[in-house]
Amino acid sequence: MSIIRDILHDEGGLDWLNGKFDSVSLFNGEMDITIYGDSDEYTEYAEKCIAHYNCLNENPELMADIREKLAKFMYYMRDEWESMGIYVDIAEDTEKAVEEYESGGDILKYLTKPCLNIEMSEDYSDETGYSITAECPWEPEHQCSIIIRGDQLKYVGPDDGNTPWDDDDEYYCIWLDEEQ
């Protein structure tokens, strides 16, 4: 029996599957999944990725890295929204998240409507790779994307359509420049 339920084929004629699974990792509860492929092979690979994703909590270094990069993304966007001065509501929502985070809140609570995105790669067929997209107050237009390949965090930033199989130089984030 599949751990993915409520599977629907994309109505736009694409070979995508949409469904749900039980998340016990970054997010708890029912979570959406999009599988970019429509065959048993893709579904089996998606289940392998779900199993990996659901064990992220067992990797404290990776979890800390995710939270740290989410915070850097949030701070950068707060400064950007404030400097623009035209999106007052977004700046206020972001500042509220910053204040709550600085008071000890878990940054993951600001990510809503998460979706696990699965795209297989023939070059990396033995390795798990997926992205997690979620809405967040500091990037309401593009959402937030977290990309994981194997046990490596590859990217945290706006959802620009990157996949786990991109070259490392495609994961550029301006807010990490000071680390380079």
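For the chain, a Gaussian network of Cα nodes joined below 10 Å ranks TYR45, TYR101, TYR130 by mean-square fluctuation, and the top entry is TYR101. Here is the size of the stretch 58-151 from its Cα atoms: Rg then Dmax, 15.1, 47 Å. Structural descriptor for the chain: relative contact order 17 percent, calculated from alpha carbon pairs under 8 angstrom and at least 6 residues apart. Of the residues VAL24, MET77, ILE50, the one whose Cα sits farthest towards the positive end of the charge dipole of the stretch 24-83 is MET77 (charges of +1 on Lys and Arg Cβ, -1 on Asp and Glu Cβ, taken about the Cα centre). Note on LEU62 and ASP123: the model spin-label points, each 7 Å out from Cα along the C-beta direction, lie 2.1 nm apart. Potential lengthening of the chain between GLU95 and GLU44 amounts to 14.2 nm, from the contour at 0.36 nm per residue minus the alpha-carbon distance. Accessible surface of the chain, 1.4 Å probe: 45 percent of it comes from carbon and sulfur atoms.
Pairwise Cα separations in the stretch 1-109 fall into 5 Å bins from 0 onward with the following percentages, short to long: 2, 10, 16, 14, 13, 13, 13, 12, 5, 1, 0.
Grab the beta carbon distance between LEU176 and ASP32, set R0 = 25 Å, and tell me the FRET efficiency rounded to 0.05.
Values: r = 28 Å, r/R0 = 1.12.
Efficiency, rounded to the nearest 0.05: 0.35.
Taking all protein chains as they are arranged and a probe of 1.4 Å, the heavy atoms of GLU47 leave approximately 50 Å² accessible to solvent. Among ASN162, ASN117, ASN59, which one shows the highest mean-square fluctuation when the chain is modelled as a Gaussian network with alpha-carbon springs under 10 Å? Result: ASN59 has the largest fluctuation of those listed. Among the GluC sites (Glu not before Pro) in the stretch 114-167, those located in a DSSP loop and surrounded by at most 11 other Cβ atoms within 10 Å of their own Cβ are GLU141. Using a probe of 1.4 angstrom and keeping all protein chains present, the accessible surface of the stretch 21-127 works out to 54 square angstrom per residue.
As a calculated quantity, the FRET efficiency between ASP15 and THR112 at R0 = 25 Å, using C-beta atoms, amounts to about 0.35.
The values are calculated or read from the model by the stated rules, or taken from the named source; none is laboratory data. These numbers were taken from a predicted model, which means no experiment stands behind them. Note that each Cβ is placed from the backbone with ideal geometry, even for glycine, and that neighbours are counted across all protein chains shown. The protein model used for the area step is the full one, side chains on, heavy atoms only, and it has no ligands, DNA or RNA in it. Shrake-Rupley method; radii C 1.70, N 1.55, O 1.52, S 1.80 Å.
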